[in-house]
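Below: the structure, in structure tokens.
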Amino acid sequence: MDKLTQIGLQKTDSKEIADKLNELLANYHLYYQNLRGFHWNIKGVHFFQLHAKFEELYNNALTRIDEIAERILTIGQTPLHTFSDYVRVASIKEAGSLSGDTETVRATYDNLTVLLNLEREILIMAAETGDEGTVGLISEDINENEKTLWMLNAFLS
């Protein structure tokens, strides 16, 4: 019985999934922080649209961050919780001082692509191990992120 987590999943599988979820968590934090900077610093003719859109996206990201961290705890592991860990683990980099419409939307598109690729990896891992809770969490986010990528691409076209 000690090979199972408190919710009945294999501990070794849950550890591997939690490691990947922590990678996603770290990337979400960088994505979130980039969006905050874009929201604060956006300039140009699309200011009003993008200022509001970036706020919507960072509020959604903050919700996802909490859900991912809670899922890591639910499967018996510890979420990363220092910004130095996030920067060390994340593939997404700090965006710096971007303020133009095209460059901020492009950076957001690229960041979301990183998140989506990680989510697809996690989805496969979770499905293979019978971790339906993680599958549900990630499936919902994939759907939302695909739609957002489509919208960002339409803006960039």
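With a Förster radius of 25 Å applied to the beta-carbon distance between T113 and L62, the computed FRET efficiency rounds to 0.80.
Classify segment 44-105: rounded, prolate or oblate, from the alpha-carbon gyration tensor (a ≥ b ≥ c, eigenvalue square roots; a/c under 1.5 rounded; otherwise prolate if a/b is larger than b/c)? All intermediate terms of the calculation are to be shown ahead of the outcome.
Values: a/c = 4.38, a/b = 1.91, b/c = 2.30.
Oblate, because a/c is 1.5 or more while a/b does not exceed b/c.
Estimated from helical segments only, the mean residue ellipticity of the chain at 222 nm is -27000 deg cm²/dmol, where each DSSP H run of four or more residues counts as -39500 (n - 2.57).
Cross-link pairs exceeding 32 Å between alpha carbons, from the set K15/K53; K11/K147; K43/K147: K15/K53; K11/K147.
Relative to the longest principal axis of the Cα atoms of the chain, helix 11-41 runs at roughly 10 degrees. Here's the picture: a label point sits 7 Å out from the Cα of V45 along the beta-carbon direction, and within segment 95-128 the residues with their amide nitrogen under 13 Å of it are 101-102. Round to the nearest 10 and give me the degree value, 0 to 90, for the angle of helix 101-129's Cα axis relative to the longest principal axis of the chain. Taking Cα atoms only, the helix is inclined about 10 degrees. Taking amide hydrogens as placed 1.01 Å from N in the peptide plane, the amide H of Q10 sits under 5 Å from those of T5, each at least 5 positions away in sequence or on another chain. For segment 23-128, taking the reciprocal of the average inverse distance between every pair of different Cα atoms yields a Kirkwood hydrodynamic radius of 14.4 Å.
Taken together, the values in this text are just the output of simple stated rules run on the coordinates, not laboratory data. Computed from a predicted structure; not experimentally measured. For neighbour counting, all protein chains shown are included, and Cβ atoms are generated from backbone atoms with ideal geometry for every residue, glycine included.
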